[in-house]
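Readers should treat all values here as calculations from the given coordinates under stated rules, not as data from a laboratory. The structure displayed is predicted, hence computed values, not measured ones. Every residue, glycine as well, gets a Cβ built from its backbone with ideal geometry; the counts of neighbours run over all protein chains shown.
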Amino acid sequence: MRVWAISDLHTDFEENLQWVQQLSLADYRDDVLIVAGDISDDVAILETTLHLLTQRYRQVFFVPGNHDLWIRKDNLNDSLEKFYKVLNLCASLEVNTAPQLLNAVDSALYILPLFSWYVKPEEGNETLYMPKPGENSKTKVWMDDYHIRWPVFSEAGNASEYFLQLNDQYFPVLTPHTVISFSHFLPRRELMRGLYPVYDARGRKLKDPAPYFNFSRFAGSSALDAQLRAAGSSFHIYGHQHRNRYRRIDGVTYFSHGLGYRRERVFAGIDDKAYLPELIWTEANGLLTRPEN
């Protein structure tokens, strides 16, 4: 058994759906795939994608990202209703959205999906916000502002708190097994790579396409980091920013490996046929290490 990770599949785009379709039907049949959110807001495309992945991997784990909870094409009241619709779809496809203890030959591995959302700077101290010179908080280029709608949360003050409370039912985690946790959103400011200025994988400086927009307003929550550490996670996978990273901070390894958009891959010189989910764990060697970036 091996464990692989990917995020931000965005199979609304035909080229990304084709990328999923070209994954081997034979190479991963004994393996596990972790998908850290953002497949599609279209439920039919989401279902097709998850089905393709379950044909290729023995087990698939998934948590919704922000794109998955858009309600622009759904006759739904709000994005929380969409969240539970996505969970029900996953259950029907036997895609895991709850923790599982995986027994390998010589070891046991606990996979911990963590539901999450971002905290805006006006919503609380758990925000990952960092000021950006020249930003304009009134600039409406963030599509969640148009396609995400939340109900009034009675006890939880915001979406982030609501999802973190859902995770509480899984604590304490079964230690001393190795715990791999994953979320869509970022748990720490330090993980926001090359925000300003931005560089690609070849070290080339990118022109800021939205100089008045500040991604850190929508990045994640520090409360998520506290939760994964309380669970004893030693390896945390996340997505959302479309910036691949491998960093070790205070005893926890943080890892991001996303498919993203074709324009991003073209600019970085990535060949789609050579780009695969990243291997993160094997029975023989446990968690795999690589240079920090």
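In nm, to one decimal, how far is the A26 label point from the L287 one, both placed 7 Å along Cα→Cβ?
According to this spin-label approximation, the distance is 3.4 nm.
For the range 81-188, run through the trypsin sites (Lys or Arg not before Pro) and keep only the ones in DSSP coil with at most 12 other Cβ atoms within 10 Å of their Cβ.
Working: sites: K82, K85, K138, K140, R149, R188; in loops: K138, K140, R149, R188.
Taking the range 81-188 and a limit of 12 other Cβ atoms within 10 Å, the loop trypsin sites (Lys or Arg not before Pro) found are K138, K140.
Rounded to the nearest 0.05, what FRET efficiency do L101 and L166 give with R0 = 30 Å and r taken as the Cβ-Cβ distance? Could you check? Write out the running numbers ahead of the final one.
On the way: r = 19 Å, r/R0 = 0.64.
For L101 and L166, the calculated efficiency is 0.95.
Of C90, V20, S137, whose Cα points farthest to the positive end of the dipole of the chain (charges on the beta-carbon: +1 Lys, Arg; -1 Asp, Glu; origin at the Cα centre)?
S137
Separation between the V43 and E14 pseudo-spin-labels, each 7 Å from Cα along Cα→Cβ, expressed in nm?
Between V43 and E14, the label points sit 2.6 nm apart.
Beyond a 32 Å Cα-Cα separation, which of these cross-linked pairs lie in this structure: K73/K140; K82/K120; K138/K273; K85/K132? Could the numbers behind the result be given before it?
Details: K73/K140 20 Å; K82/K120 21 Å; K138/K273 40 Å; K85/K132 36 Å.
Over 32 Å Cα-Cα: K138/K273; K85/K132.
Once you charge only the Cβ atoms, +1 for Lys and Arg and -1 for Asp and Glu, what is the size of the charge dipole of the range 2-287 about its Cα centre, to the nearest 20 debye?
Details: 30 positive and 36 negative charges, 197 e Å.
Rounded to the nearest 20 debye, it is 940 debye.
What does the extension gain come out to for M1 and D272, with contour length at 0.36 nm per residue minus their alpha carbon separation?
Details: separation 271, 0.36 × 271 = 97.56 nm, distance 2.49 nm.
Taking 0.36 nm per residue and subtracting the Cα distance, the gain is 95.1 nm.
Over the chain, what is the percentage of antiparallel beta bridges among all DSSP beta bridges, to the nearest 5? Provide the component values of the computation, followed by the final result.
Values: 17 of 40 bridges.
Expressed as a percentage, antiparallel bridges in the chain total about 45.
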